[in-house]
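Novice: Okay, here's the structure, questions in a sec.
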Amino acid sequence: MQKITSPAAFIGLNDTGIISFGSGQPDLPPPEAIFKHLETPRLFKYGLIKGDEELRSLLAKEYPGAEAEDFVITNGASEALDLVFRAIYQLHGKVGVLVCKPYYYSYPPIIELAGLKPVYTNLIEGKIDLKDFEKKLKSVKVVLINSPSNPTGRVEEMETLKAIEKLCAKHGVYIISDEVYKDLIYERENYLLKGAQVITINSFSKTYSMCGLRVGYLWSRDKKIVDTVVDIKVHTSMNTNVLGQEMARNAMHVPHSFIEKQRQIWQERRDRLYGGLIALGFDLWKPEGAFYVLPKIKNSNRVVSELFHKHQVIVYDGEWFGAPGRIRLSYALDVKLIDEGLKRIKKYIQGKESWLK
Ligand SMILES: Cc1ncc(COP(=O)(O)O)c(C=O)c1O
């Protein structure tokens with residue numbers, strides 16, 4: 001049986017009969033309005049490196065005190081992360097970046113490719129351990145926060161986020177806040193990290209189911225960061241996909257009820273998968289946001305391979321997220337498919353109950 005060692009084996013796989021708890025891609029349709037009134041002739045021309053002016057103005061209205069020029073529209077949150085780390089390397093050299101572990105699997109490579117050094121703080125029960133965080137803060141220039149989190153599904157307490165704002169301001173440390181799941185919180189309102197050294201990153205991928213169009217952004221009051229990002233982008237990807245930006249502009253006019261309706265669907269799925277896994281005897285944190293669970297299971301690499309090859313079920317190995325002894329399941333699929341996937345997982349774990357502890 002072929003060993004599966006990275007998500008690359010699964011991304012884009014679409015065969016019938018497979019139940020995929022793998023992908024972090026919403027299966028729900030995007031708002032219809034994004035396809036309307038596309039200004040076709042404009043779509044074939046280069047656009048502004050910083051991004052469409054109207055889109056940036058619309059975004060600025062969503063963030064208190066923000067101006068359109070504080071934003072750079074990027075090819076997904078992925079490019080925003082890549083550019084901001086490279087900008088920090090240009091401004092400060094090989095500095096440390098504090099990363100919470102478990103982490104989104106692309107964080108360590110993006111940081112290292114930019115020439116920076118990841119420093120890890122282990123989460124406790126999926127949440128930030130402020131004591132360890134403060135201790136490690138002294139050795140870094142940047143902290144990376146992702147709340148709600150991929151892969152834990154946890155949302156940091158507001159008190160923790162406020163304490164981080166204060167600590168980082170005191171020590172002169174940048175906060176990069178990856179908020180791609182900010183509209184998918186089931187327990188409370190989002191708390192937006194604020195301050196002169198905060199760089200907020202977001203995307204249209206998850207909220208509006210627009211993953212393939214590759215539209216994201218960063219915003220910061222730090223002009224040096226924004227200007228350095230633009231200086232790099234002009235020589236790398238240049239403008240962000242213009243068609244995607246037009247659709248993102250349309251998405252900004254969609255009533256908030258669209259997001260609320262989607263959130264309710266996600267919450268129903270969360271309850272189904274979380275409840276189903278608890279009933280099967282899994283040990284896992286209750287997700288408060290995003291669309292992931294991270295249950296414990298021994299021999300996680302073998303589980304990933306066997307579930308796929310013998311039961312046509314895709315799950316991701318926790319090891320890819322810095323969480324050995326766990327698997328990550330996304331609930332970006334219909335409840336009927338969640339039920340079928342749970343049935344197959346039940347069959348697979350029969351006789352392996354000791355692996356769940
Ligand atoms: C935490 C996190 N950040 C960033 C991204 C990348 O998102 P985008 O599609 O906007 O590049 C993802 C995608 O799964 C993610 O989970």
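The values are calculated or read from the model by the stated rules, or taken from the named source; none is laboratory data. Quantities reported herein were computed from a predicted structural model and do not represent experimental measurements. With ideal geometry, Cβ positions are generated from the backbone for all residues, glycine too; neighbour counts draw on all protein chains shown.
Novice: Out of all the residues in the range 29-39, is one or more away from the ligand (no atom under 16 Å from the Cβ), in the same structural domain as Ser139 (by TED's automatic domain parsing) and aliphatic (A, V, I, L, M)?
Specialist: Let us first name the residues in the range 29-39 that are away from the ligand (no atom under 16 Å from the Cβ), namely 29, 31-33, 35-39.
Going one step further and asking which of them are in the same structural domain as Ser139 (by TED's automatic domain parsing), we end up with none.
There is no residue in the range 29-39 that is away from the ligand (no atom under 16 Å from the Cβ), in the same structural domain as Ser139 (by TED's automatic domain parsing) and aliphatic (A, V, I, L, M).
Novice: Right, here's the next one. Taking the residues in the range 69-85 that are of a type in the set (Gly, Ala, Ser) and in contact with an Asp or Glu (Cβ under 9 Å, 6 or more places away or on another chain) as candidates, determine which candidate is nearest to Thr236 (Cα to Cα).
Specialist: Among those residues, the one meeting the criterion is Ala80.
Novice: Just need a number here: residues in the range 279-311 that are acidic (Asp, Glu) and either assigned to a loop (DSSP other than H, G, I, E, B) or modelled with pLDDT under 95 (or both).
Specialist: 2
Novice: Does at least one position in the range 18-37 carry a residue that is surrounded by 13 or more Cβ atoms within 10 Å (Cβ to Cβ) and over 30 Å from Val335 (Cβ atoms)?
Specialist: The answer is no; no qualifying residue exists.
Novice: Output the residue which, of all residues in the range 73-112 that are assigned to a helix (DSSP H, G or I) and away from the ligand (no atom under 15 Å from the Cβ), is surrounded by the most Cβ atoms within 10 Å (Cβ to Cβ).
Specialist: Ala87
Novice: Still on this structure: Please find, within the range 138-152, the residue that is surrounded by the fewest Cβ atoms within 10 Å (Cβ to Cβ) out of those that are away from the ligand (no atom under 11 Å from the Cβ) and over 15 Å from Leu81 (Cα atoms). Steps first, please.
Specialist: So the first thing to find is which residues in the range 138-152 are away from the ligand (no atom under 11 Å from the Cβ), and the list is 138-143.
In the following step, the residues that additionally are over 15 Å from Leu81 (Cα atoms) were identified as 138-141.
Working: Lys138: 9, Ser139: 11, Val140: 22, Lys141: 21.
The qualifying residue surrounded by the fewest Cβ atoms within 10 Å (Cβ to Cβ) is Lys138.
Novice: Specify which of the listed residues (Ile11, Ile73) is of a type in the set (A, V, I, L, M) and under 30 Å from Glu340 (Cβ atoms).
Specialist: Residue meeting the stated conditions: Ile11.
Novice: Glu246: more than 30 Å from Met1 (Cα to Cα) and assigned to a helix (DSSP H, G or I), yes or no?
Specialist: yes
Novice: Still on this structure: Taking the criterion of being within 16 Å of the ligand (Cβ to nearest atom), β-branched (Val, Ile, Thr), within 22 Å of Ala68 (Cβ to Cβ) and modelled with pLDDT of 95 or more, would at least one residue in the range 214-223 satisfy it?
Specialist: The answer is yes; a qualifying residue exists.
Novice: What tally of residues in the range 9-28 results from selecting those that are more than 24 Å from the chain's Cα centre (by Cα) and either within 16 Å of the ligand (Cβ to nearest atom) or acidic (Asp, Glu) (or both)?
Specialist: The qualifying residues number 1.
Novice: Just name the residue that is surrounded by the most Cβ atoms within 10 Å (Cβ to Cβ) out of those in the range 164-197 that are within 16 Å of the ligand (Cβ to nearest atom) and farther than 30 Å from Phe35 by Cα.
Specialist: Here the answer is Ile176.
Novice: Mind checking which pairs have a first residue in the range 212-223 that is more than 20 Å from Asn250 (Cβ to Cβ) and a second that is at pLDDT 95 or above and near the ligand (Cβ under 9 Å from one of its atoms), Cβ under 7 Å, 6 or more apart or different chains?
Specialist: Leu218/Thr74; Leu218/Ala80; Leu218/Ile201
Novice: Same structure, new question: Mind telling me which of the residues Ala77, Ala60 ends up being at pLDDT 95 or above, farther than 23 Å from Tyr348 by Cα and touching a Gly at 6+ places or on another chain (Cβ under 9 Å)?
Specialist: On inspection, the qualifying residue turns out to be Ala77.
Novice: Could you check the range 38-47 and list, in sequence order, the residues that are surrounded by fewer than 17 Cβ atoms within 10 Å (Cβ to Cβ) and of a type outside the set (S, T, N, Q)?
Specialist: Of everything in the range 38-47, those that are surrounded by fewer than 17 Cβ atoms within 10 Å (Cβ to Cβ) and of a type outside the set (S, T, N, Q) turn out to be Leu38, Glu39, Pro41, Arg42, Leu43, Phe44, Lys45, Tyr46.
Novice: Can I ask one more? Tell me whether the range 293-314 contains one or more residues that are surrounded by 21 or more Cβ atoms within 10 Å (Cβ to Cβ) and out of contact with any strand residue (DSSP E or B) (no Cβ under 7 Å at 6 or more places or on another chain).
Specialist: no
Novice: Let me ask something else. Val215 - would you say it is surrounded by 22 or more Cβ atoms within 10 Å (Cβ to Cβ) and under 20 Å from the mean Cα position of the chain (by Cα)? I'd like the intermediate steps shown before the answer.
Specialist: Details: surrounded by 22 or more Cβ atoms within 10 Å (Cβ to Cβ): yes; under 20 Å from the mean Cα position of the chain (by Cα): yes.
Yes: the conditions hold for Val215.
Novice: Further, regarding this structure: Please work out if Tyr63 is in a loop (DSSP other than H, G, I, E, B), touching a strand residue (DSSP E or B) at 6+ places or on another chain (Cβ under 9 Å) and within 20 Å of Ile164 (Cα to Cα).
Specialist: Yes; evaluated as a whole, the condition is true for this residue.
Novice: Just to verify a result, which residue in the range 223-282, among those that are of a type in the set (Ser, Thr, Tyr) and surrounded by 17 or more Cβ atoms within 10 Å (Cβ to Cβ), is farthest from Leu333 (Cα to Cα)? Please lay out each step first, then the result.
Specialist: Residues of the range 223-282 of a type in the set (Ser, Thr, Tyr): 228, 236-237, 240, 257, 274.
Now drop any that are not surrounded by 17 or more Cβ atoms within 10 Å (Cβ to Cβ), which leaves 228, 240, 274.
Numbers: Thr228: 39, Thr240: 29, Tyr274: 14 Å.
Residue satisfying both the conditions and the ranking: Thr228.
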